1. Going by the structure shown, is Ala280 surrounded by 12 or more Cβ atoms within 10 Å (Cβ to Cβ) and within 18 Å of Phe189 (Cβ to Cβ)?
2. Within the set of pairs 6 or more residues apart or between chains, which connect a residue that is in the same structural domain as Ala203 (by TED's automatic domain parsing) and modelled with pLDDT under 95 inside the range 256-277 to a residue that is outside any strand (DSSP E or B) and β-branched (Val, Ile, Thr) with Cβ atoms less than 6 Å apart?
3. Against the definition (under 12 Å from Val50 (Cα atoms) and assigned to a loop (DSSP other than H, G, I, E, B)), how does Ala100 come out, yes or no?
4. Check off (1) touching a strand residue (DSSP E or B) at 6+ places or on another chain (Cβ under 6 Å); (2) farther than 25 Å from Ala258 by Cα; (3) not in a strand (DSSP E or B) for Gly158 and give me the number that stays unchecked.
5. Kindly check whether there is at least one residue in the range 255-263 that is among the polar types (S, T, N, Q), out of contact with any helix residue (DSSP H, G or I) (no Cβ under 9 Å at 6 or more places or on another chain) and closer than 24 Å to Leu155 by Cβ.
Amino acid sequence: MRIFTDWRNLPADARGATVALGNFDGVHRGHAHLLRSAHVARPGAKLAVVTFEPHPREFFRPDDPPFRVSLLYQLPFDAAFSAVPAGAFVDEVLHAGLGAEHLACGPDFAFGHRRGGDVDFLAQRAEALGMGLTVVPLFADARGPLSSSRIRRLLQDGYPERATAELGRAWAIRGEVAHGDARGRTIGFPTANVALGRHLEPARGVYAVTVRLADGSARSGVANVGRRPTVNAGPEVRLEAHLFDFDADLYGQDISVALQVFLRGEQKFAGLDALRAQIALDAAAARKLLDVGAPNKP
């Protein structure tokens with residue numbers, strides 16, 4: 001996938017694509033449905049996505065909780081871009097800048113300054129400029145239209161399995177393994193510590209997880225997301241993942257921790273012995289759920 005951060009002065013081979021429009025804040029099955037429909041509309045054309053960095057909602061409402069193809073046009077979203085009228089977005093960005101041959105979007109797509117453009121407006125401008133347009137019906141199930149906000153609620157409520165079904169993959173926290181206080185190692189459960197950063201904060205507690213390491217290999221484990229109330233570790237929410245049958249140094253490496261099953265909520269224990277005993281139970285439960293054999297006894 002080739003990534004471009006400006007619509008101006010694109011090389012010729014990065015123009016003339018079918019362009020899917022949307023926020024794409026975590027590509028779920030609904031987004032995949034839009035991309036498939038875009039490809040079907042013009043199967044001979046290159047397929048591209050227009051998205052924004054940062055997400056417009058994050059730009060306008062920075063205190064909200066975070067939420068994170070052959071061509072990707074990742075356009076910088078700032079105060080100047082937020083003031084671009086809908087007509088200028090179509091004429092200057094999509095048509096003149098990207099040279100889009102065909103567009104695809106959902107029926108609720110809105111764009112331009114103060115969301116002044118809608119699908120009807122887009123259809124009129126696209127026709128006038130010679131661009132095709134496919135309006136893709138919302139991807140829905142018995143619970144209604146599938147959306148990123150619906151998936152975020154599932155994660156915040158402690159239902160990663162349901163989020164996985166709607167995303168089409170397990171939701172993961174990605175980041176660099178940082179040094180902690182090494183307390184996990186002292187109680188027999190060393191952990192890889194990753195700050196949540198701009199990730200959505202899921203339900204606090206313990207999860208069965210799968211971990212993708214920097215070398216591409218995968219390991220199973222158990223992880224805690226929270227503030228570690230037993231050791232009074234402060235207000236920072238972070239992820240601590242214990243990898244089963246693994247004892248290599250991961251400091252400074254980027255890993256991806258996929259939440260598979262929520263085991264229990266965050267709780268405070270009377271001391272380290274009680275915490276150690278509960279982690280052993282959590283690890284056993286995670287091994288069973290992930291179909292990982294029990295550790296070898298010395």
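The values are calculated or read from the model by the stated rules, or taken from the named source; none is laboratory data. Keep in mind that this is a model prediction, so the values were computed, not measured. Here Cβ is always computed from backbone atoms with ideal geometry, including for glycine, and neighbour counts include all displayed protein chains.
1. Working: surrounded by 12 or more Cβ atoms within 10 Å (Cβ to Cβ): yes; within 18 Å of Phe189 (Cβ to Cβ): yes.
Judged against the criteria, Ala280 is a match.
2. Lys268/Thr230; Phe269/Thr230; Leu272/Ile187; Leu275/Thr230; Arg276/Ile187
3. Numbers: under 12 Å from Val50 (Cα atoms): yes; assigned to a loop (DSSP other than H, G, I, E, B): yes.
Yes; evaluated as a whole, the condition is true for this residue.
4. Gly158 satisfies all of (1) touching a strand residue (DSSP E or B) at 6+ places or on another chain (Cβ under 6 Å); (2) farther than 25 Å from Ala258 by Cα; (3) not in a strand (DSSP E or B) except (2).
5. Yes; the residues of the range 255-263 include at least one that is among the polar types (S, T, N, Q), out of contact with any helix residue (DSSP H, G or I) (no Cβ under 9 Å at 6 or more places or on another chain) and closer than 24 Å to Leu155 by Cβ.
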